[in-house]
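The values are calculated or read from the model by the stated rules, or taken from the named source; none is laboratory data. Keep in mind that this is a model prediction, so the values were computed, not measured. As a convention, Cβ positions derive from the backbone with ideal geometry for all residues, glycine included, and neighbour counts pool all protein chains shown.
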Amino acid sequence: MNKQCKQCMNMLPDTEEFFRPYVPRGKGLRKTTVGRNTVCRDCEQINNIATRIFKQGPKTNQEQELLDKLPAYYKQLVAIGGQPIGAYARHVLQEVAEPQARGSAALGSILDRISTTIETGDPFLAEYDKLLGLELTKEPDVYQEMLESLRERTAGPDGRVKPEYKDKFEAVATRFDEYEDNYEWD
């Protein structure tokens, strides 16, 4: 079973590897978990490190570079329907908080991941481009299901594809329809 991260909007397996178990805050009468967090471990790590760096005093060059790149990353996530969490995300998205204490961590891999996401742009547009370049060799139903899945993720509240994805959606739909019209069924 898959679960969608509320921050990065990626569909990931609903396992402890990807989502940390949620532990109730009760008085310990029941030793149970009620499910898994709604934010994946990668996003959780980014938010925790960003908040820690944001709240600390003087920053290293690498820490400052991370804080400089995160606003674009968070805004990109919001644009695709994500809900970034954490003190720095709130600060960047105009819910201001003040920095406080100091700490340290290895930032290289996180900084690389954020830079890559910013450079690649909107992941939904990239997915539409991938479908446009896909070699069509299977039954048309397979491709229609792929397009329908992507359409659902790029739809607005009214159920229609958002305007920023409409042209790409129509191009892919036309391509798949033409393939289906010319497909020789067994």
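Residues that are under 19 Å from residue 11 (Cα atoms), small (Gly, Ala, Ser) and either in a helix (DSSP H, G or I) or more than 18 Å from the chain's Cα centre (by Cα) (or both) within segment 128-186 comprise just one, 149. When segment 26-39 is filtered for residues that are loosely packed, with under 11 Cβ neighbours inside 10 Å and either within 23 Å of the chain's Cα centre (by Cα) or modelled with pLDDT of 65 or more (or both), only 34 remains.
Annotation note: Cβ proximity below 6 Å between a residue of segment 58-69 that is within 21 Å of residue 90 (Cα to Cα) and a residue that is of a type outside the set (Phe, Trp, Tyr) and in a helix (DSSP H, G or I) (sequence gap 6+ or interchain) occurs for 63/53; 66/111; 69/114.
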